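Worksheet: one structure, shown below.
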Amino acid sequence: MEDTETFRDHIGTVDENTGKRIWVYPKKPKGRFYNARTYVSILLLGLLFGLPFIKVHGDPILLFNVIELKFIFFGIVFTPQDLHLFALAMITLIVFVVLFTVVFGRLFCGWICPQTIFMEMVFRKIEYWIEGDSTQQRRLKEAKWTSDKILKKFGKHTIFFAIAILIANTFLAYIIGIDELFKIISEPVSQHMGGFVALVIFSGIFYFVFARMREQVCIAVCPYGRLQGVMLDKNSIVVAYDWLRGEPRGKVQKSKEEAELKQLGDCIDCGACVRVCPTAIDIRHGTQLECVNCTACIDACDDIMDKVGRERGLIRYDSHNGIEQGRKTLFTGRVMAYIGVLIALLVLQGFLFTTRSEVEAVILRTPGMLFQKVDDSHISNLYNYQIINKTTEDIGGIEFRLFDPRGVIKVVGQVPVAGKQAIAEGAFFIEMETDKLESRKTKLKIEVYSNGQKIDEASTNFLGPVK
Ligand code: SF4
Ligand code: SF4
């Protein structure tokens, strides 16, 4: 029996004989999906480049400061103390991505992924603008180095690098904030050597990704792409070729009778869907890992169908079962199970989030210290405290109250003001009446007040002599 899966044995962008990369020159797509994707891209790019400038209470609306472990989501500050929330959010996100992929395949890749948006909607458009469509690009590649070729190539790569610098700056703005970024840009390089080096490295990486790596990121690097094989099933909606309607394919016949005689399907084997594909695959082979669901082949085929007077949708968003049995089953048992897990995670996340305190007091007995004798009737323990302020206001007038009549708290120096999104630290002694201690270790509760308002409480132990 003929092996119809041989196309899976090699990658369309690698030469089978030499093992060298085959550069892809996809034809410029046009059509309703491409237009819709262009509008979506403009919106998303506007958000990406605009959000770092938006502030809430003087802070960035989004910040992912992995260096200082400070994260801000829409004005809410998360610190390392919220690690459990962050970990749970990551698990929830993974379940959501799996669920979304099981139902809608790689819809994300085609419409939302920054790699596709920058590659197809920014860098590729510039390339079409400077070098022309695929045929002109090929010709330019083969042409001798004339002043026209030098100008085009130099101009293109200069613009590419300028955009890579812009992306790197934006990327850094999400990590350190726009104010810090402006300092790096405007102040002498010597004062921000680390930031400057980071900018240069990021710019180089982005340039390399979009000027050289291109579709290889989706084909060989992206872990999400690699996981498609385990996430997709026959009910997943993907960009699919209707093989029942299209096969057997064959060149368009002069007359209807001739076509009927040959019993041909609707695919006229024109290759338009292959020519526009940015990952150099033939969607008529079926769902492939390389397909980023960019919809270019849908537009190309619809255009051909219009020209030959046949119904659009030979290539369309559909599932394997949708094509084979004519029915779309979105809510399969597997999907329902994922939805159940996702809802449970969201409820837990919501509960933890709403009960999360904006101010946290951490009180720990100073390690390595035993109790000290104050006088004949009192002993003391030394403690270190931290007041973690996640709000956007300073917290002053802090005092500690011991929830136990047998002892008192004696703060070392003054309790500092806990600045917004900062930690106030210090130490205090707790003195207890020796006679009233029942055991070597006494559990104590300490309440923390700011200007007379209780803001948090913490528990700790008091060590005394063995009873
Ligand atoms: S097969 Fe179609 S949807 Fe998939 S990457 Fe190629 S052109 Fe885009
Ligand atoms: S564009 Fe449509 S008609 Fe042309 S080869 Fe592809 S599937 Fe067949």
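The values are calculated or read from the model by the stated rules, or taken from the named source; none is laboratory data. These numbers come from a predicted model, not from an experiment. So basically every Cβ, Gly included, is an ideal-geometry build from the backbone, and we count neighbours across all protein chains shown.
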inquiry  = buried (at least 17 other Cβ atoms within 10 Å of the Cβ) and within 20 Å of residue 360 (Cα to Cα): which single residue out of 414, 421 fits that description?
reply    = 421
task = State whether one or more residues within segment 18-38 are exposed (fewer than 13 other Cβ atoms within 10 Å of the Cβ), in a loop (DSSP other than H, G, I, E, B) and of a type in the set (Ser, Thr, Tyr).
result = yes
Residue satisfying condition, being within 9 Å of ligand 2 (Cβ to nearest atom) and modelled with pLDDT of 90 or more, within set 277, 270 = 270
note = Residues of segment 175-217 being surrounded by fewer than 19 Cβ atoms within 10 Å (Cβ to Cβ) and within 30 Å of residue 291 (Cβ to Cβ), in sequence order, are 204, 205, 208, 211, 212, 213, 216, 217
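Conditions (1) in the same structural domain as residue 237 (by TED's automatic domain parsing); (2) more than 16 Å from ligand 1 (Cβ to nearest atom); (3) among the aromatic types (Phe, Trp, Tyr), marked per residue:
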residue: 264; (1), (2), (3): yes, yes, no
residue: 274; (1), (2), (3): yes, no, no
residue: 286; (1), (2), (3): yes, no, no
residue: 289; (1), (2), (3): yes, no, no
residue: 296; (1), (2), (3): yes, no, no
residue: 301; (1), (2), (3): yes, no, no
residue: 312; (1), (2), (3): yes, no, no
residue: 315; (1), (2), (3): yes, no, no
residue: 344; (1), (2), (3): no, yes, no
key: Filtered residue count, segment 76-107, keeping only those that are free of Cβ contacts under 8 Å to residues at least 60 places away in the same chain and within 15 Å of the chain's Cα centre (by Cα)   = 6
query = Which residue pairs have Cβ atoms closer than 6 Å, lie 6 or more positions apart in sequence or on different chains, and pair a first residue in segment 428-442 that is outside any strand (DSSP E or B) with a second residue that is loosely packed, with under 13 Cβ neighbours inside 10 Å?
reply = 434/377; 439/467; 440/466
query = Which condition number in (1) more than 30 Å from residue 239 (Cα to Cα); (2) of a type outside the set (Gly, Ala, Ser); (3) outside the structural domain of residue 243 (by TED's automatic domain parsing); (4) surrounded by fewer than 16 Cβ atoms within 10 Å (Cβ to Cβ) is the one that residue 91 fails?
reply = (1)
inquiry  = What are the pairs with Cβ atoms under 6 angstrom where one residue, in segment 25-54, is touching a residue at least 12 places away in the same chain (Cβ under 8 Å) and aromatic (Phe, Trp, Tyr) and the other, located anywhere, is within 16 Å of ligand 2 (Cβ to nearest atom) and assigned to a helix (DSSP H, G or I)? Sequence gap at least six, or different chains.
reply    = 25/134; 33/298; 33/299; 34/299
request  = Could you please tell me which pairs satisfy a Cβ distance under 8 Å, a separation of 6+ or placement on different chains, a first residue in segment 266-289 that is farther than 16 Å from residue 225 by Cα and in contact (Cβ under 8 Å) with a residue 60 or more places away in the chain, and a second residue that is within 9 Å of ligand 1 (Cβ to nearest atom) and β-branched (Val, Ile, Thr)?
outcome  = 277/283; 282/274
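Considering only segment 16-34, state which residues are among the aromatic types (Phe, Trp, Tyr), out of contact with any Lys or Arg (no Cβ under 6 Å at 6 or more places or on another chain) and either more than 16 Å from ligand 2 (Cβ to nearest atom) or not assigned by TED's automatic domain parsing to the domain that holds residue 292 (or both).
23 - this is the single residue of segment 16-34 that is among the aromatic types (Phe, Trp, Tyr), out of contact with any Lys or Arg (no Cβ under 6 Å at 6 or more places or on another chain) and either more than 16 Å from ligand 2 (Cβ to nearest atom) or not assigned by TED's automatic domain parsing to the domain that holds residue 292 (or both).
Among the residues of segment 280-310, how many are in contact with a Leu (Cβ under 7 Å, 6 or more places away or on another chain), more than 10 Å from ligand 2 (Cβ to nearest atom) and under 25 Å from residue 122 (Cα atoms)?
First pass over segment 280-310, keeping only residues in contact with a Leu (Cβ under 7 Å, 6 or more places away or on another chain): 287, 293, 301, 305.
Keeping just the survivors that are more than 10 Å from ligand 2 (Cβ to nearest atom) gives 287, 293.
From the residues that got through so far, the ones that are under 25 Å from residue 122 (Cα atoms) too are 293.
Qualifying residue count for the region: 1.
Here are some residues: 308, 292. Which one is touching a Gly at 6+ places or on another chain (Cβ under 8 Å) and at negative phi? Spell out how you get there, then give the answer.
On the way: 308 fails: touching a Gly at 6+ places or on another chain (Cβ under 8 Å).
From the options 308, 292, the qualifying one is 292.
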